[in-house]
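Undergrad: Below is the structure I would like to discuss, written out as structure tokens.
The values are calculated or read from the model by the stated rules, or taken from the named source; none is laboratory data. Keep in mind that what you see is a predicted model, and the values were worked out from it rather than measured. Methodologically, a virtual Cβ is constructed for each residue, glycine included, from the backbone with ideal geometry; neighbour enumeration extends over all protein chains shown. The accessibility values were calculated without ligands, DNA or RNA, using every heavy atom of the protein model including side chains. Shrake-Rupley method; radii C 1.70, N 1.55, O 1.52, S 1.80 Å.
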Amino acid sequence: MDKYQILKKYFGYDTFREGQEPLIDSILSGRDVLGILPTGAGKSLIYQIPAMLMDGITLVISPLISLMKDQVGSLNQAGIHAAFLNSSLTTGQYYKALEFARQGRYPIIYVAPERLVTEEFLDFALHAKIAMVAVDEAHCVSQWGQDFRPSYLKIVEFIKKLPKRPVVSAFTATATREVRDDIMDILLLENPEVLTTGFDRPNLYFGVQSPKDKYGVLKNYLEMHPGECGIVYCLTRKGVEEVCGKLKEDGFSVTRYHAGLGDAERKKNQDDFIYDRYQIIVATNAFGMGIDKSNVRFVVHYNMPKNMESYYQEAGRAGRDGEPAECILLYGGQDVVTNQLFIDNSQENQELDPVSRELVAERDRERLRKMTYYCFTNECLRDYILRYFGEYGENYCGNCSNCLSQFESVDVTEIARALVGCVKSSRQRYGVNVIIDTVHGANTAKIRNYRMNENPNYGELAKVPSYKLRQVINYLLLNEFLTVTNDEYAIVKLTAKSEEVLGDEAQITMKMAKEQEHQAKEKKEKKSRKGIAAGLAGADFTEADEQLFEVLRSLRMEIAREEKVPPYIVFSDKTLTHMCIVKPRTRSAMLTVTGVGEFKYEKYGERFVACIREHVPDDGENEDVTGAGIVGEEAGIFIENGMNDEGKGTEKKKGKAKGKQEFSLTEDMEQAFPFADKMTLSELVAKLNELRDESTMKRLTNKAVRQKLLDEGYLETFGFRGIPMQRASEKGKEMGITAERRVSEKGNEYDVLYYSAEAQRTLLDMIKKGLK
Ligand code: ADP
Ligand code: MG
């Protein structure tokens, strides 16, 4: 068999995707390779196909158990013998697997890196013929990558022990130069063929919003995407709990995932999502690596992640089947603060010396800054991403929120002048916040301490809201009219371009999004299947096709349940879509469908053919005619009976916020309030909200209370590496606010502010008087 036959027979695909073939050829000719291809590009096939053709065993090194299981599951489904060796096996299972491996049963074996140099494994490997070592997620060897795993360093140690050096292939989706060089150096790749394909994922729509009411926007979004699968990422476990809880209350089909849950629950929730038992999963970044679910239609980031690498990787879990999918980021200022804390309190990289560690932290800060700019840029988001990864995109992609939304060009010359002028007149000694506060004319202790109230630009733009000043300063930084030092102080400095702003003829316009309130947008035309149909066969996807799709989907679910595998492992959505177009009534016709190989045909093909025969009337002539005659009713009944109904019936919520009165604290509520020794502000607000009559009263928001605390001087903002953060002032401490150190799931420390019983009373009084 040759590579094309394997591609067709086992994987059911007709053609290779970009980048696959040259790398496969290099491997087959005995050359090392480094493949840098975006998530979803199909990196696995690049080592799996040669593995089937080479004489000897291919070891695949992979960082996560879930990733291995998923891939081995897929291979077995496709009729390829493969196994994994990792800590999820019992000792008995492990030895059994090794024994089968010795007998040469597996052309492909997935191994956890920490297993490689163990005695048992070496005993096997030194006596076996190892044809290739394939390193998946190879960026894990690099300390500069976002996901360094010291155990990956064992790979070279292992390879050196082998009697004959195998071909070494490495794959990653991380394209930055440092990481790429590290992979080649650390893995000691020999004259490798390095191939990078385009990083663009044209089927993904990118959007950024900074909503006042994040939850409202999320809920609205989900209501507009009924029946679709998606991931909602939060930065913290607590965030996951909150968001998941609210969504559940609001009737969505939702589950959760974070490192704080027990193994069993994590696994169950992950499976529930993968097997389509729940449509939405709310998760921390602990979720996702190795999730190959192809029909994820959206990835919403409820918080901004720590860097673009993480963002693109997580967002990239949408639309792996190539169909249109959406990646939405909901930005909030607090996200920056949380990420800063993660960086500053990072317990990772303990094995590094202090200097390198500080270097890593510095890079992390820089990455966070670039991530933040992504949320503020008014340019094409796709272009921004591609440029970040060292590629050039078009200025306008037409498929991101910046390209599509209504922008107004705003003349910000005056603001820019004031800001740059202030940097200059204060002799480039301060960070972003001081500059903004000065221009805005803030009357704070800090500004007085720095004597910035005597600065010529002090209060120059008192009327311009701070957020707007921030947008403009971000724009100036982004376009290098200003820059910040790359250290913990993040001092704003002038650049060669700064004078342009101050000159008489300067004119700076920037695009500012018109303030958009949370309101139901017209649901976009559901174009996903139509799009893929057009892409596959230039065909139309009719209403009848849509119904057939549902029928086939039910059948897929039935089979998946029998086989105990996720539905997409049976057939992807793309394959089902193609089936609806081709409507194959015979074996040979079925084999023309993308994703249907011989092996899978033997397993399931007949049932799908039978199903199609049953549901699409035979017009006796041409199989490829669109099935206009499908009996809607019949199909409808089938769906009713056959579908899992968990996803259905997302009830329309009554009682929209409009028409309700503002939150006000009544006697009754105060009486009923469960004072405690200590609680956080959000707990307090949540409790008050529970006590209100939600049919008549709007929610109290954390933000409003926090603003009041700031206004009254209980909390103070302090600039922290250019980022505004809050802490208790002296007055706040007197009132009873205390800070407690916490350790995050990644081992990072941060402070949580607690309010004592007394402070809770004071807060209630404040709220009762009204926050405005
Ligand atoms: P990566 O590891 O690059 O993120 P995967 O190897 O998990 O991507 O592949 C993503 C999806 O693309 C899988 O569902 C896979 O079956 C599919 N795929 C891979 N190669 C091809 C191909 N040549 N034609 C069609 N689909 C493919
Ligand atoms: Mg992969």
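Undergrad: Which value at 222 nm does the chain reach when only helices count, each DSSP H run of 4 or more adding -39,500 (n - 2.57), with the total divided by all residues and rounded to the nearest 500 deg cm²/dmol? Intermediate results must be reported in sequence, preceding the final value.
TA: On the way: 33 runs with 325 residues, N = 772.
About -12500 deg cm²/dmol.
Undergrad: If you don't mind, there's one more thing I want to ask. Please compare each pair in Lys214/Lys703; Lys43/Lys370; Lys212/Lys769; Lys463/Lys768; Lys370/Lys446; Lys214/Lys248 to a cut-off of 18 Å on the Cα-Cα distance and tell me which ones are over it.
TA: Lys43/Lys370; Lys212/Lys769; Lys463/Lys768; Lys370/Lys446
Undergrad: Also: Can you list the aspartates and glutamates whose alpha carbon sits under 12 Å from that of Lys267, skipping same-chain ones fewer than 8 residues off?
TA: none
Undergrad: Further question: What residues of region 58-76 lie in the reach of a label at Met1, counting those whose backbone N is under 20 Å from a point 7 Å from the Cα along Cα→Cβ?
TA: 58-60, 71-76
Undergrad: Let me ask you something else. Within the chain, what percent of beta bridges assigned by DSSP are antiparallel, to the nearest 5?
TA: The answer is about 30 percent antiparallel.
Undergrad: When ligands, DNA and RNA are left out and all protein chains stay put, how many square angstrom of accessible area per residue does the chain have with a 1.4 Å probe?
TA: Working: 34840 Å² over 772 residues.
Result: 45 Å² per residue.
Undergrad: Relative contact order of region 408-513: what whole-number percent is it, with Cα pairs under 8 angstrom and at least 6 residues apart?
TA: 40 percent.
Undergrad: Suppose each label sits 7 Å from its Cα in the direction of the beta carbon; what would the Met766-Arg727 distance come out to in nanometres?
TA: Label at Met766, label at Arg727, 1.8 nm between them.
Undergrad: Measure off 7 Å from each Cα along the Cα-to-Cβ vector at Glu480 and Glu99, then give the distance between these two points in nanometres to one decimal.
TA: It works out to 6.6 nm between the two label points.
Undergrad: Leaving ligands, DNA and RNA out of it, rank Leu691, Leu419 by accessible area with a 1.4 Å probe, largest first.
TA: These residues rank, largest area first, as Leu691, Leu419.
Undergrad: Give me, ordered by chain and number, the residues 5 or more places off Gln726 or on other chains with an amide H under 5 Å from its own placed amide H.
TA: For Gln726, the qualifying residues are Phe718.
Undergrad: Under unit Cβ charges (Lys, Arg +1; Asp, Glu -1), what dipole magnitude, rounded to 20 debye, does the chain have relative to its Cα centre?
TA: Dipole magnitude for the chain comes out near 1220 debye.
Undergrad: Residue separation times 0.36 nm, minus the C-alpha to C-alpha distance between Glu683 and Gln507: what's the value?
TA: That works out to 58.6 nm of additional length.
Undergrad: If you don't mind, another one. Among Gly503, Ala676, Cys375, which residue has its Cα positioned farthest towards the positive end of the charge dipole of the chain, with +1 placed on the Cβ of Lys and Arg, -1 on the Cβ of Asp and Glu, and the dipole taken about the Cα centre?
TA: Selected residue: Ala676.
Undergrad: Okay, moving on. Considering the dipole of region 3-196 built from charges on the beta carbon (Lys and Arg +1, Asp and Glu -1) around the Cα centre, which of Ser26, Ile65, Met52 is farthest to its positive end?
TA: The one lying farthest along the dipole's positive direction is Met52.
Undergrad: Ranked by accessible surface with a 1.4 Å probe, highest first, in what order do His225, His440 come? Please report the intermediate quantities before stating the final value.
TA: Values: His225 25, His440 50 Å².
So the residues, ranked largest to smallest area, are His440, His225.
Undergrad: Now for a separate question. How far, in nm, would the chain grow between His127 and Met224 when pulled straight, counting 0.36 nm per residue and subtracting the alpha carbon separation?
TA: The span from His127 to Met224 would gain 29.1 nm if fully extended.
Undergrad: Quick one: pull the percent of accessible area on the chain belonging to carbon and sulfur, 1.4 Å probe, ligands and nucleic acids left out.
TA: Result for the chain: 48 percent of the exposed heavy-atom area is carbon or sulfur.
Undergrad: Oh, and also: Based on the Cβ-Cβ distance from Glu500 to Ala739, what FRET efficiency comes out when R0 is 25 Å, to the nearest 0.05?
TA: Efficiency computed from Cβ-Cβ geometry: 0.05.
Undergrad: Could you tell me the accessible area of Thr592 in Å² (1.4 Å probe, neighbours in place), rounded to the nearest ten?
TA: About 70 Å², rounded to the nearest 10.
Undergrad: What is the set of long-range amide H partners of Tyr205 at a cut-off below 5 Å, with H atoms built 1.01 Å from backbone N?
TA: For Tyr205, the qualifying residues are Ala325, Glu326, Cys327.
Undergrad: While we're on this one: I'd like the accessible area for Lys603: 1.4 Å probe, protein heavy atoms, all chains in place, Å² to the nearest 10.
TA: Counting only protein heavy atoms, Lys603 exposes about 80 Å² to solvent.
Undergrad: A further question on this structure: For Glu480, what accessible area in Å² do you get when you roll a 1.4 Å probe over the heavy atoms of the protein chains, rounding to the nearest 10?
TA: 120
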